Amino acid sequence: MKFSTKAIHVGNEPDEATGAVISPIYLTSTFAQEYPSEHKGYDYTRAGNPNFTRAEQQMAALENAKHSVLFSSGIGALTAFLSTLKQGDKVLAMDGLYGGTFRLFNRIFKKFGVEFEILNQRDLHTIDDKLKEKPKLFLFETPTNPLLEVFDIRELTEKARKFGVTTIVDNTFATPYFQNPLDCGADIVWHSCTKYLGGHSDVIGGVMMTNSSDIYEELIFARMSIGVNPSPFDVWMIMRSVKTLALRMERHQSNATAIARFFEGHPSVKKVYYPGLESHKTHDIARKQMSGFSGIVSVEFNLSIEDTKTLISKFKFFQLAESLGGVESLVNHPASMTHASIPEDERKKMGLSDGLVRFSVGVESEEDLLEDLKVGLERFQTSAV
Ligand code: PLP
């Protein structure tokens, strides 16, 4: 079965009781237990719910996984998995992570004695030495945030496996439509469903997929014990959205490509970051590993923090907001928003200049989006004179 067919049909069988083509939402916290007849599989929604079961079948199918577990948020999913670690365990991660992931390690799990080390892309050649120290977990995000560098998943997971280290790949930016980390050797693939999977900026959720029954059992136990379960309503919304993921991703990608090419030739622009551009540092890895390049484009303008903020306020369709992956286009300024908590010199070392802007390109008309950017740039230039 191909991707779009799986997204629409797996887990989406008609309701057994009524024949409803679309599953009802099981808005119930508890389930009647009929003694002595058989348990029907559910007792309390923190532990499981028919909407979770259906959506987990759909999600697992998309990543070619045996199992998937849904959570209240992307960060909730990671919290659940990290709760399987103990004091003294170490986590190794590649730089370029979502800020909230970094915060979860540094501000929460460090307090409980879980060590956390970030390896800079520049020091990737030392990875074998780091893995030799036997961290419990090796985590990376690809493409990275916000410079969209692509790591070779096969190469990194092979190294980790040699040392018995579990790998987890944040596949939120690429989505299962463009990249399948489990097929490249990862142990766990992780998504914030809040982004492309939900796709409409109206729901928060997270999911992890794995082929390991042991990891699956641990995730189910952690979700129930910590209480990071989603609501049946949110899961129903995510499941509905995933049915159109393939269509949306094609459009996100074609709009993003047009915008990346528009900026690439523009005199106000210093550099464009989009893995689909031949000029991108890791374009070759992206072409080998991904079937498409997704919908995020980062652009470096030759501007100060204040001027960059003024520029991005001039766009009409690109709303200034955190988050990404919705049908509507958004713009984000890492230096004053998502990465503002990182000290300036550290930020610059990471390649995040004051003039760097991240565009989450939506599925509006390409023509309107290009016009919005052209007019915004003109209005900025006129106001700056
Ligand atoms: N991973 C990535 C790449 C993200 O961008 C985010 C959120 O922005 C998360 C994980 C966390 O997901 P959530 O906001 O659903 O908790």
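The values are calculated or read from the model by the stated rules, or taken from the named source; none is laboratory data. Note that the coordinates shown come from a computational prediction; the quantities given were computed from them, not determined experimentally. Note: ideal-geometry Cβ built from the backbone for every residue, glycine included; neighbour counts use all protein chains shown. Please note that ligands, DNA and RNA were not included when accessible areas were found on the heavy atoms of the full protein model with its side chains. Shrake-Rupley method; radii C 1.70, N 1.55, O 1.52, S 1.80 Å.
How much of the DSSP bridge set in the chain is antiparallel, in percent, rounded to the nearest 5?
55
The C-alpha radius of gyration of the stretch 1-62, expressed as a fraction of 2.2 N^0.38 Å, stands at 1.28.
Here the gap between I25 and H200, fully extended at 0.36 nm per residue and compared with their Cα-Cα distance, gives a gain of 61.1 nm.
Largest GNM mean-square fluctuation among V21, V169, V361, using the chain with Cα springs under 10 Å: V21. Please report the net charge: other residues with Cβ closer than 14 Å to the Cβ of Y216, K and R +1, D and E -1. After counting each charged neighbour, the total is -4.
Obtain the radius of gyration and the Kirkwood radius of the stretch 245-385 from its C-alpha atoms and give Rg over Rh.
On the way: Rg = 14.6 Å, Rh = 15.4 Å.
Here the Rg-to-Rh quotient is 0.95.
With the helix formula -39500 (n - 2.57) applied to DSSP H stretches of n ≥ 4, the chain reaches a computed 222 nm mean residue ellipticity of -10500 deg cm²/dmol. In the chain, a dipole from Cβ-located charges (positive for Lys and Arg, negative for Asp and Glu) runs towards its positive end, and of P232, P275, G96 it is G96 whose Cα lies farthest in that direction.
Measuring nothing but protein heavy atoms, the accessible surface of the stretch 178-290 at 1.4 Å probe radius is 53 percent carbon and sulfur.
In the chain, one over the average inverse separation of all distinct C-alpha pairs is 21.8 Å, which is the Kirkwood hydrodynamic radius.
At 18 Å minimum axial length over the Cα atoms and a Kyte-Doolittle cut of -1.0, report the qualifying DSSP H helices in the chain, or say none.
On the way: long enough: 50-62 (19 Å, -0.53); 213-226 (19 Å, 0.42); 245-264 (28 Å, -0.27); 366-384 (27 Å, -0.57).
Correct list, ordered by number: 50-62, 213-226, 245-264, 366-384.
Ordered by solvent-accessible area of protein heavy atoms (1.4 Å probe), largest first, the residues T166, T175 come out as T166, T175. Here each label is just a point 7 Å from Cα along the line to Cβ, and for A258 and H39 those points are 5.4 nm apart. Evaluating kT/(6 pi eta Rh) at 10 °C and 1.306 mPa s, with the Kirkwood radius of the stretch 88-202 over Cα pairs in the Stokes-Einstein relation, gives 109 µm² s⁻¹.
If you take every residue apart from L97 with its C-beta less than 11 Å away from the C-beta of L97, what net charge results, scoring Lys and Arg +1 and Asp and Glu -1? Kindly include the intermediate steps, with their values, before the conclusion.
Numbers: positive: R103; negative: D95, E141, D170.
Once positives and negatives cancel, what remains is -2.
Pairwise Cα separations in the stretch 1-125 fall into 10 Å bins from 0 onward with the following percentages, short to long: 10, 27, 27, 22, 11, 2, 0.
Based on the Kirkwood radius over alpha-carbon pairs, what value in µm²/s does the Stokes-Einstein equation return for the translational diffusion coefficient of the stretch 196-300 at 10 °C and 1.306 mPa s?
Details: Rh = 16.6 Å.
Roughly 96 µm²/s, to the nearest whole number.
Spacing of the modelled spin labels on I8 and D214, each 7 Å from Cα toward Cβ, amounts to 4.0 nm. Here the simple spin-label model places points 7 Å from the Cα toward Cβ, and for Q381 and A340 these points are separated by 3.0 nm.
Note on E306/R154: beta-carbon distance plugged into 1/(1 + (r/R0)^6) with R0 of 41 Å gives a FRET efficiency of 0.40.
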